[in-house]
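Let me begin by presenting the structure, written as structure tokens, before commenting on it.
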Amino acid sequence: MHHWDAAVESFLLSFPALFSIVNPFGGALIYAQVTRHWSRDTRVLVAARIGIFSFMVMAGALWGGAYILGFFGISLAALRIAGGFVVADTAYRLLSAPETREARKQEQASGDLDPADSALFPLTVPFTAGPGTISVAIALATNHPADPQTLAISMIGDGLAAAAVALLVWLAYMGADWLVSAFGPSGARTLSRVSAFLLLCIGVQVLLGGVKDVLGH
């Protein structure tokens, strides 16, 4: 039974981190604006596609990102320390100026979007699950245990976390009009700051795990 605790721990670590960096509700407010000329049915359909593509991006980084870096001879401790710095730095910038991130996302998704081919780019990458999300996911993957059986179960927890965030992306983007009236820009920024602080704590935790690995040797 203790092996399945690893799945729960992975989910509880990965879900809040991915949720914080993706920020589905904040993204939905911008999604509503950049797709305002589309029909309701089209926006719902594209929202579902963005959810699927976002899951693929997050799960791919969680399951394979750390091993790709490890292939180049980078130690697990170094990955954890660097990953912790990346997550903490990303969180600090989000905490300091969420308006800057909103403006960047607005710019990334701006332009004449074609519903037929814009779900993957730019509405998934880089708008929803961009380089920041991939970096955070790879950093989270460095916390995987070494034991093969526990590792496999931990990856199940990671996959469930990615699926949960992707589901929230779909629901938030599908209900973007309602969120615009319920939250407004100021409400979205408040949510962004709360999420960013949680992400900062997770980054410090990952960093401490890497330091502990170094000192333990």
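Farthest toward the positive end of the dipole of the chain, out of 197, 87, 10, is the Cα of 197, where the dipole comes from beta carbon charges about the Cα centre.
The charge dipole of the chain, taken about its Cα centre with unit charges on the Cβ atoms of Lys, Arg (+1), Asp and Glu (-1) only, comes to about 360 debye.
Residue-normalised convex hull volume from the C-alpha trace of the chain: 118 Å³ per residue. For the chain, the longest principal axis of the C-alpha atoms and the axis of helix 24-34 are separated by about 30°.
In terms of the mean number of neighbouring beta-carbon atoms within 10 Å, the peptides 203-216, 162-175 order highest first as 162-175, 203-216.
Each value in this text was obtained by applying a stated rule to the coordinates, not by laboratory testing. Quick caveat: nothing in here was measured; it's all calculated off a predicted structure. Positions of Cβ are generated from backbone atoms using ideal geometry, with glycine treated the same way; all protein chains shown enter the neighbour counts.
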